[in-house]
Amino acid sequence: MKIKTLIHTALVAEAKPIVRFFNLACKNKIPFNIYVNDDIALIVSGIGEQKTKEALALAFTLFEPGVAINIGIAGCSDKNIKIGSLFCATHKNLNIPYASLTSHKSGVNQDKSVNSCLVDEEGEAFLSATCACKTRYIFKVVSDHLDTSIPTKTKVNSLIQKTLLSWSVYAR
């Protein structure tokens with residue numbers, strides 16, 4: 001099935017506002033949640049590199065996207081950046097600020113040395129798994145300042161919801 005855009009999230013809480021915004025219908029729940037409309041497919045992988053690679057491998061067997069987007073929350077090493085700030089980690093010339101991103105196998109706290117502004121667990125795996133796609137974006141919303149607390153589903157949902165109008169224009 002040829003679609004315009006494939007959107008990837010790690011968490012269902014990240015996906016829910018996107019599903020509502022694009023009016024996506026549930027196609028699959030197993031092995032991964034997949035939501036679709038005529039132009040867009042969204043897959044929820046779960047957290048981590050391996051799950052991301054598996055989910056995107058499946059998505060690329062089902063769909064032929066022209067654009068691939070990873071959207072999700074990330075920790076931020078700069079305490080001056082506000083929680084809820086949206087960044088693009090792949091392009092410097094958008095209407096969304098650029099920030100560097102590194103992916104780690106597990107959560108990162110302030111004790112670890114971080115060489116980027118943003119930290120997640122899926123970004124690098126997303127880029128690796130979507131290399132067949134011509135246009136790829138990683139959008140991250142700051143959820144914490146490298147602390148060990150896990151944001152609630154409600155908080156994650158709200159953070160993504162507030163950024164939809166900014167990054168959704170790239171889902172074409």
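Read the figures in this text as sums done on the coordinates, not as results from a lab. Keep in mind the model is a prediction, meaning the values are calculated, not measured. Heads up, the Cβs are rebuilt from the backbone with ideal geometry, glycines too, and the neighbour counts pull from every protein chain shown.
Tabulated results
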quantity	calculated
Violating pairs (Cα-Cα greater than 30 angstrom) within the set Lys27/Lys153; Lys134/Lys155; Lys53/Lys153	Lys134/Lys155
Potential lengthening between Lys82 and Asp38 on full extension [0.36 nm per residue; Cα-Cα distance subtracted]	12.3 nm
Ranked list, fewest to most other Cβ atoms within 10 Å of each Cβ, for Ile30, Ile7	Ile30, Ile7
Dipole magnitude of segment 1-108, debye to nearest 20 (Cβ charges: Lys/Arg +1, Asp/Glu -1, about Cα centre)	180 debye
Estimated FRET transfer efficiency (Lys92, Thr148; beta-carbon r; R0 41 Å; 0.05)	0.85
Charge context of Val156, other residues only, Cβ under 10 angstrom, K/R +1, D/E -1	+2
Principal-axis tilt of helix 12-22 within the chain, Cα atoms, nearest 10 degrees	50 degrees
Added length on full extension, which subtracts the Cα-Cα distance from 0.36 nm per residue, Lys4 to Gln161	54.4 nm
Cα gyration tensor category, rounded, prolate or oblate, for segment 57-155 with a/c compared to 1.5	prolate
Per-residue [θ]222 nm for the chain (sum of -39500 (n - 2.57) over DSSP H runs n ≥ 4, rounded to 500)	-7500 deg cm²/dmol
Sorted by Cβ neighbour density within 10 Å, fewest at the top, the residues Val114, Val156	Val114, Val156
Alpha-carbon gyration tensor eigenvalues x 5, square-rooted, for segment 2-170, Å	24, 16, 16
On Cα atoms only, tilt of 49-62 relative to the major axis of the chain in degrees	20 degrees
